[in-house]
Amino acid sequence: MLTHNIRAGADFTPTKSDIFGILFTGFISDNASHRNAMTQIDPPLDNTALSVMKARLTSRVGQFAYNANYKHLFGSEGMSLNVDANYGHNHFRNTQEQYYTFSSPTGAPSDPNSWERERSPMINRLWSAKADYEYPISETKYLKVGVKVAGIETDNGIVHELSDGNNWENDPRRSNDFEYHENIYAAYAIWRQQLNKKWGYQVGVRAEYTDWKGVQTIGNQENGRDYFKLFPTAYLQYTPNENHSIVLSYSRNIRRPDFSALNPFEIILDNYSFIRGNPDLQPSYVDNIQLSYTFKKLSTIFVYTRNNGMVIMTPVSEDNGQRIGTVFENFGNRTAYILQVGYNSMFFDFWRINLMGQFAYITNQTPDANSEFKNNGFSGVLVWGNNFQITKTFSADLGIFLMPGARAGYDRSDKVRNNISFSISKSILKNKGNITFRASDIFAGSSVSKTSILMPGLNSVVVEDRNFRVFTLSFGYRFGSDKVKQVRNREVGIEEEASRSTNQAQ
């Protein structure tokens, strides 16, 4: 994988009360990989008991975002108006060539070999404009209000071709183009008040109106809808002294489907498997109730979270069991009861640790035609980060991640996964330069996963072995004077919208 990143910005302050800023971020990434898949068919279909696929994948991703910002500081301390205008465009070019062989139960060829190619170019355009007004009424009272409008346009094409050994010909059954348009209009208000030295609270609400339309070129199929929702938030904080703090909070959020999940076209993986989007997907809504207690460097958090209508890839069987695939659908609900403990401390003046353990009981439940499906069980995560400041110019990091299992929708993963990473960094050239070596997933523990799919009428086990082990050596150099004022630490403002297209390309 080869990736180029760029980030450039500038701030202008014509007066003490006004700040104008521009920011550009972007990256281009090229990647190539190989994928091998083997499908065993029992009982055989048309004398075929084994299908083997060998594929080569190449991709290029380009994401660019532009931001213009204006901030005005009023006479009252802390009172400000912040206005952002954002535009972004993302380009994805993915190509996959795949070669199939088919065998009978005796091992003899059962069908002619097949050589296919699929190209899936995609262009996304995103824009937004927002304004935020902050008004500290007094030392104990604070008000913030804001509005935002955002628009998204995406064009996702799929060109599937077949080869006769000499030439490529388009396969119209597997080629298509999908266009998607979405507009979001939002407004919010937040009120915070400190009642006394020990008690404080905050309440807020965000209102959103969304309309969208999706058009599939083949068959001229069009889908769309609009909806209005309110999302409240609140927290109550009690701080008896500097060593103890208790916070009770509630929030409701929306999770919109990725663009690829809304595309109704069917992507055929091989003669026996496929992936298909669903233009009728609804957003999912997440309710969180959290109680946290902090004692010095130790934090304990109890969380209840419920995801209604979670978007998952649901396994389906079609054509009398001859084709198995996955279709994006809204699941019933996923509920998690979580206990999380964190500890952050310094040892021996050079070793800082950050330890986080999470233990959860998860339920997945949705009505079924014959019975009520349930997928319940325990899960957990352990994260242990270590930073060693060996000298003033030399440091090292060691990270350990362990996850014994997970449950989501119809999927159940019971295999312990781990990711152990390590890095060393050295400052050079009077601290203006830096050399860093990083190694992630050293023992390839996170690359092997085994997932069972449990649902009425279908029992499937998927085993994946992918190589996530990466070694990088980087050099950085800081130009210019250290006395120059740093550009404000801010983002371009369309991160949420861009993430839905990024997930699509993965």
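Looking across segment 328-355, the residues that are in contact with a Gly (Cβ under 9 Å, 6 or more places away or on another chain), surrounded by 18 or more Cβ atoms within 10 Å (Cβ to Cβ) and among the hydrophobic types (A, V, I, L, M, F, W, C) come down to 328, 331. Taken residue by residue, segment 29-38 has no member that is surrounded by 14 or more Cβ atoms within 10 Å (Cβ to Cβ), in contact with a Leu (Cβ under 7 Å, 6 or more places away or on another chain), of a type outside the set (Phe, Trp, Tyr) and closer than 19 Å to residue 130 by Cα. The residue that is farthest from residue 355 (Cα to Cα), counting only those in segment 247-298 that are in contact with a helix residue (DSSP H, G or I) (Cβ under 6 Å, 6 or more places away or on another chain) and small (Gly, Ala, Ser), is 277. Evaluate the following for residue 6: is it within 30 Å of residue 83 (Cα to Cα), part of a strand (DSSP E or B), open to solvent by less than 60 Å² (accessible area, probe 1.4 Å) and of a type in the set (A, V, I, L, M)? No: the conditions fail for residue 6. Among the residues making up segment 159-187, those that are more than 30 Å from residue 256 (Cβ to Cβ) and in a strand (DSSP E or B) are 161, 162, 163, 168, 169, 170. Considered as a group, the residues in segment 153-183 that are β-branched (Val, Ile, Thr) and in contact (Cβ under 8 Å) with a residue 60 or more places away in the chain include one that is nearest to residue 139 (Cα to Cα), and that residue is 154. Residue count for segment 399-418 under the criterion of being in a strand (DSSP E or B) and closer than 30 Å to residue 374 by Cβ: the result is 13. For segment 97-121, a residue qualifies if it is in contact (Cβ under 8 Å) with a residue 60 or more places away in the chain, part of a strand (DSSP E or B) and open to solvent by 40 Å² or more (accessible area, probe 1.4 Å), and exactly one does: 111.
In segment 276-288, the residues that are more than 18 Å from residue 178 (Cα to Cα) reach residues that are assigned to a loop (DSSP other than H, G, I, E, B) and charged (D, E, K, R) with C-beta atoms within less than 7 angstrom, at least six apart or across chains, in these pairs: 283/256.
When the residues of segment 272-303 are filtered to those that are touching an Asp or Glu at 6+ places or on another chain (Cβ under 7 Å) and not in a loop (DSSP other than H, G, I, E, B), which remaining residue is farthest from residue 332 (Cα to Cα)? Restricting to residues being touching an Asp or Glu at 6+ places or on another chain (Cβ under 7 Å) and not in a loop (DSSP other than H, G, I, E, B), the top hit is 274. Scanning segment 323-338 for residues that are in contact with a Lys or Arg (Cβ under 7 Å, 6 or more places away or on another chain) and not hydrophobic (A, V, I, L, M, F, W, C) yields 325, 333, 335.
Of the residues 42, 46, which single one is over 30 Å from residue 134 (Cβ atoms), out of contact with any Ser or Thr (no Cβ under 9 Å at 6 or more places or on another chain) and acidic (Asp, Glu)? The match here is 42.
Only one entry of 274, 302, 265 meets the criterion of being under 20 Å from residue 124 (Cα atoms) and more than 22 Å from the chain's Cα centre (by Cα), and that entry is 265.
Checking each residue in segment 124-137 for being modelled with pLDDT under 90 and open to solvent by 60 Å² or more (accessible area, probe 1.4 Å) picks out no residue at all. Considering segment 86-96, the residues that are closer than 30 Å to residue 131 by Cβ and open to solvent by 50 Å² or more (accessible area, probe 1.4 Å) include one that is modelled with the highest pLDDT, namely 87. Screening segment 162-194 for residues that are modelled with pLDDT of 90 or more and open to solvent by less than 30 Å² (accessible area, probe 1.4 Å) and picking the one that is farthest from the chain's Cα centre (by Cα) gives 186.
Residues checked against (1) in contact (Cβ under 8 Å) with a residue 12 or more places away in the chain; (2) farther than 23 Å from residue 175 by Cβ; (3) among the aromatic types (Phe, Trp, Tyr):
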position: 23; (1), (2), (3): yes, yes, no
position: 40; (1), (2), (3): no, yes, no
position: 48; (1), (2), (3): yes, yes, no
position: 79; (1), (2), (3): yes, yes, no
position: 92; (1), (2), (3): yes, no, yes
position: 123; (1), (2), (3): yes, no, no
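In segment 340-355, the residues that are without any contact (Cβ under 8 Å) to a residue 24 or more places away in the chain form Cβ pairs under 8 Å with partners that are assigned to a strand (DSSP E or B) and open to solvent by 60 Å² or more (accessible area, probe 1.4 Å), at six or more places apart or across chains, as follows: 346/352. For segment 123-143, the count of residues that are under 30 Å from residue 53 (Cβ atoms) and out of contact with any Gly (no Cβ under 6 Å at 6 or more places or on another chain) is nonzero. Residue count for segment 108-146 satisfying the condition of being over 26 Å from residue 201 (Cβ atoms), acidic (Asp, Glu) and within 29 Å of the chain's Cα centre (by Cα): 1. The set of residues in segment 304-315 being open to solvent by less than 30 Å² (accessible area, probe 1.4 Å) and part of a strand (DSSP E or B) consists of 305, 307, 312, 314, 315. If you check 276, 255 for being closer than 22 Å to residue 229 by Cα and open to solvent by 50 Å² or more (accessible area, probe 1.4 Å), only one passes: 255. Restricting segment 392-421 to residues that are hydroxyl-bearing (Ser, Thr, Tyr), under 23 Å from residue 470 (Cβ atoms) and more than 20 Å from the chain's Cα centre (by Cα) leaves a set whose member that is most open to solvent (accessible area, probe 1.4 Å) is 421. Of all residues in segment 382-398, those that are in a strand (DSSP E or B) have Cβ atoms under 7 Å from Cβ atoms of residues that are of a type in the set (D, E, K, R) and open to solvent by 50 Å² or more (accessible area, probe 1.4 Å), 6 or more apart or on another chain, in 386/397; 387/352; 387/397; 394/426.
The values are calculated or read from the model by the stated rules, or taken from the named source; none is laboratory data. The model shown is predicted, which means the values in this text are computed figures rather than measured ones. Positions of Cβ are backbone-derived with ideal geometry, glycine not excepted, and every protein chain shown enters the neighbour counts. Quick note on the areas: whole protein, heavy atoms, side chains included, nothing else; ligands and nucleic acids left out. Shrake-Rupley method; radii C 1.70, N 1.55, O 1.52, S 1.80 Å.
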